[in-house]
Amino acid sequence: MTSALLHHWQQQVPTIEVQHPKGRAIISLFGGHVLSFIPAKDGRERLYVSPQANFDGKQAIRGGIPVCWPWFSDRHGQALGSLPAHGYLRKQLWQLADSQFNDEAHQVRLVPRTTQGDGFDGQADVSLLIEVGSRLSVCLTTHNTGSTAFTFTCALHSYFAVQDIQQAELNGLSGQFEDKTRHFQLSDTPSPYHFSGETDRVHLSRAACVTLHDGNVYGNAHTDIHSQGHDSIVVWNPWEANCQTMADMPDDGYLQMLCVETAVTQGVTLAAGEQHQLRQIID
Ligand code: TA6
């Protein structure tokens, strides 16, 4: 992330910079959306934000860590009518509720302006705890504050920066995945896991850690992605033809990113008073 890019983001949406001797992050209050994380130990940006991303405070930001809530995607092919893909919190203004600093991390807690919206009947409090240190921890808490149960899905839809997707490798996933590019047909996870075309996969896996090797042929740069509270890991790259149709991605943007998402795709039901936490830790 260059200072020119940061300046551009700050002019368009309210952002906060979270600094700690062990790492720094930039967060957009529009969407409660982490845009950048750079740990001091290697100075390597972990997140990808499209140079053509919209920062108009209306459309979802392409890149960083979008928060998908109270549903992920389009609920597995169910028509949502006019409802937005990935729910409505990623297009909402959040506010800073709390900030704490200790030797290990600088923590900020964000809350959305409201959790109410078309397509969701529950009563919920949502908060996002972001801890910036040598690792980035993002924890999405959903608390049922109503008197009846509700079911929801959600995701931390993280876009990771890679040097070259065609050289990148993902480790730590096994078993079967639902292939959205083939009508959710079940397929076996490839081993080794490389990328050579459009990828849109829901791995029905509770893998606690996957490792992304970023495709830099001159080094061994990798990122460990820890997940908690999930039932799936989603892996997405739109590839070239789709990028050409996306106004907020450059045609070759697919070469420099891979989404590895900590997700609940099958649904969590919270009884009155219950809480759920979905956490992704980026190392
Ligand atoms: O998480 C994968 C996915 O649901 C894909 O199917 C893909 O379309 C992507 O998210 C991006 O969605 P968006 O609504 O941000 O364009």
Of the residues 214, 224, 251, only one is without any contact (Cβ under 8 Å) to a residue 40 or more places away in the chain and either among the acidic types (Asp, Glu) or surrounded by 14 or more Cβ atoms within 10 Å (Cβ to Cβ) (or both); which? 251
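Would you call residue 89 modelled with pLDDT of 95 or more and within 15 Å of the ligand (Cβ to nearest atom)? Explain how you work it out, then say what you get.
On the way: modelled with pLDDT of 95 or more: yes; within 15 Å of the ligand (Cβ to nearest atom): yes.
For residue 89, the condition - modelled with pLDDT of 95 or more and within 15 Å of the ligand (Cβ to nearest atom) - is met.
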Enumeration of residues in the stretch 45-63 that are closer than 19 Å to residue 132 by Cβ and in a loop (DSSP other than H, G, I, E, B): 45, 46, 48, 61
Answer yes or no as to whether residue 203 is under 16 Å from residue 73 (Cα atoms), modelled with pLDDT under 95 and not hydrophobic (A, V, I, L, M, F, W, C). no
Within the stretch 131-139, identify whether any single residue is in a loop (DSSP other than H, G, I, E, B), within 16 Å of the ligand (Cβ to nearest atom), modelled with pLDDT of 95 or more and not polar (S, T, N, Q), and answer yes or no. no
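Got a sec? Which of 98, 42 is among the acidic types (Asp, Glu) and part of a loop (DSSP other than H, G, I, E, B)?
From the options 98, 42, the qualifying one is 42.
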Out of (1) part of a loop (DSSP other than H, G, I, E, B); (2) in contact with a Ser or Thr (Cβ under 8 Å, 6 or more places away or on another chain); (3) on the phi > 0 side of the Ramachandran plot, the odd one out for residue 267 is which? (1)
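The values are calculated or read from the model by the stated rules, or taken from the named source; none is laboratory data. Computed from a prediction, not measured in an experiment: that's the story for all the values here. Virtual Cβ from ideal backbone geometry, glycine too; neighbours counted across all protein chains shown.
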